[in-house]
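In what follows, a structure is listed as C-alpha cells, so that the remarks can point back to it.
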Amino acid sequence: MKLICPVCREELKREGRAARCSNGHSYDYAKSGYLNLYLSHKTVHGDDADMVKARTAFLNTGAYAFLRSELRSIFEAHGSTSLVDLGCGEGYYTSYMPQSDRAAFDLARKALMHAAKNDPDTQYCVSSIFHVPLADACTDSVLTCFAPVASEEIERILKPGGIFVLVTPGPDHLFEFKSVLYDTPYRNPMKDIDTALTLTDDRMIREAFTADKAVLSDLFTMTPYVWHTPQENKKRLDSLETLSVTAEFRIRIYRKETAAA
Ligand SMILES: [Zn+2]
C-alpha cells in the first residue's frame with residue numbers, strides 16, 4: 001500500500017529516515033519505525049504512558065485473544081491480502097492479522113511506538129483516521145476495533161468487493177466490572193452506523209475471564225471508568241481478590257459492492 005502526502009496527496013517515497021513527496025513535503029520516521037504524518041503535537045486522550053502500559057499488560061493476559069482469533073478467521077475467509085487498521089492503538093489486533101500488506105493509523109504516539117517495535121511488518125502511522133493518507137480503492141479490507149467509525153474514508157479507500165470489519169462492545173461487555181464500580185451499571189447501547197456499505201454479517205461473541213488484582217487494576221487504568229468512578233466505589237474494586245468478567249464483542253462485516261451491472 002502506498003502512502004500519500006496528507007498536504008498535496010502526491011505519493012510518498014521513503015528516503016532514509018523520512019518520507020517525501022514530489023512537492024518537497026517531508027515526514028519523519030520515529031526510531032521505533034512509525035511514520036509521523038500528523039503535524040500537530042496535541043496530546044491525545046488515552047495515550048499517556050500508564051494507559052498504554054496497562055492496556056498492553058491486560059491484552060497480554062490473553063483475555064481478548066478469542067476476539068483476535070475471530071478477526072483473523074474473518075479475514076482469512078475473505079482472502080484479503082491488504083489491511084488498513086483505523087484506530088490501531090498498540091497493534092494487538094493488527095499484528096495478528098493474516099494480510100501481508102498492512103498499514104495502521106492512530107493519533108496515539110506512545111501506543112504506536114509500542115506497536116511499531118513489536119510488529120515491523122506493519123506500517124504504523126500517526127494520522128487522523130478521518131483523513132487517511134492513502135489513495136482511493138487501495139485496500140481490500142479495513143478494520144476498526146473500539147474506535148470511531150470514519151465511514152467516508154472507509155468507503156473511499158476500500159476496493160470494490162472489499163470488506164470493513166467493525167468491532168464494538170456488546171451489551172454485557174465488562175458488566176460485572178461495571179457493577180463493582182457503579183451503583184447502577186448500564187448495558188452498552190447498540191448503535192447503527194451511517195454508511196453506504198452493505199451489512200453482510202452481524203454477530204456477537206463472548207467469553208468470561210477471571211481477573212486477579214493486577215488485571216483489575218490494569219482494566220481500571222485502561223478504561224474511561226478511571227475518570228468517572230467515586231472513590232468509595234474504587235475501594236470496592238480494591239478489596240476484591242478476583243472477579244469473573246464477561247468480554248462481549250459485536251462484530252459487523254460490511255461489503256463494498258462492485259459497481260452495479
Ligand atoms: Zn506533498
Which listed residue is outside any loop (DSSP other than H, G, I, E, B), under 27 Å from Ile163 (Cβ atoms) and either polar (S, T, N, Q) or at pLDDT 95 or above (or both), from Ala57, Ala77, Ala19: Ala77
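Does any residue of region 119-131 turn out to be within 22 Å of Ser151 (Cα to Cα), aromatic (Phe, Trp, Tyr) and surrounded by fewer than 22 Cβ atoms within 10 Å (Cβ to Cβ)?
Let us first name the residues in region 119-131 that are within 22 Å of Ser151 (Cα to Cα), namely 123-131.
Now restrict to residues that are aromatic (Phe, Trp, Tyr): 124, 130.
When the remaining residues are screened for being surrounded by fewer than 22 Cβ atoms within 10 Å (Cβ to Cβ), the result is 130.
Yes - at least one qualifying residue is present in region 119-131.
In region 199-219, which residue that is among the hydrophobic types (A, V, I, L, M, F, W, C), touching a residue at least 60 places away in the same chain (Cβ under 8 Å) and assigned to a helix (DSSP H, G or I) is nearest to Arg55 (Cα to Cα)? I'd like the intermediate steps shown before the answer.
Step one: filter region 199-219 for residues among the hydrophobic types (A, V, I, L, M, F, W, C), giving 199, 204-205, 208-209, 211, 214-216, 219.
Still in the list and also touching a residue at least 60 places away in the same chain (Cβ under 8 Å): 205, 209, 211, 214-215, 219.
Subsequent filtering for residues that are assigned to a helix (DSSP H, G or I) retains 214-215, 219.
Details: Ala214: 12, Val215: 10, Leu219: 7 Å.
If we take residues in region 199-219 being among the hydrophobic types (A, V, I, L, M, F, W, C), touching a residue at least 60 places away in the same chain (Cβ under 8 Å) and assigned to a helix (DSSP H, G or I), then Leu219 is nearest to Arg55 (Cα to Cα).
Test of understanding: among Val44, Val142, Val84, Val52, which residue is touching a residue at least 12 places away in the same chain (Cβ under 8 Å), aliphatic (A, V, I, L, M) and assigned to a loop (DSSP other than H, G, I, E, B)? Before the answer, list the steps.
Details: Val142 fails: assigned to a loop (DSSP other than H, G, I, E, B); Val84 fails: assigned to a loop (DSSP other than H, G, I, E, B); Val52 fails: assigned to a loop (DSSP other than H, G, I, E, B).
That would be Val44, the only listed residue that is touching a residue at least 12 places away in the same chain (Cβ under 8 Å), aliphatic (A, V, I, L, M) and assigned to a loop (DSSP other than H, G, I, E, B).
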Of residues in region 13-28 being under 22 Å from Asp85 (Cα atoms) and out of contact with any Ser or Thr (no Cβ under 9 Å at 6 or more places or on another chain), the one nearest to the ligand (Cβ to nearest atom): Tyr27
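This table checks each residue for (1) closer than 19 Å to Ala247 by Cα; (2) touching a Cys at 6+ places or on another chain (Cβ under 9 Å).
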site: Asp47; (1), (2): no, no
site: Asp50; (1), (2): no, no
site: Lys53; (1), (2): no, no
site: Phe58; (1), (2): yes, no
site: Phe66; (1), (2): yes, no
site: Ala77; (1), (2): no, no
site: Tyr93; (1), (2): yes, yes
site: Pro98; (1), (2): no, no
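The values are calculated or read from the model by the stated rules, or taken from the named source; none is laboratory data. Just so it is clear, the model here is predicted, and its values are computed rather than measured. Positions of Cβ are backbone-derived with ideal geometry, glycine not excepted, and every protein chain shown enters the neighbour counts.
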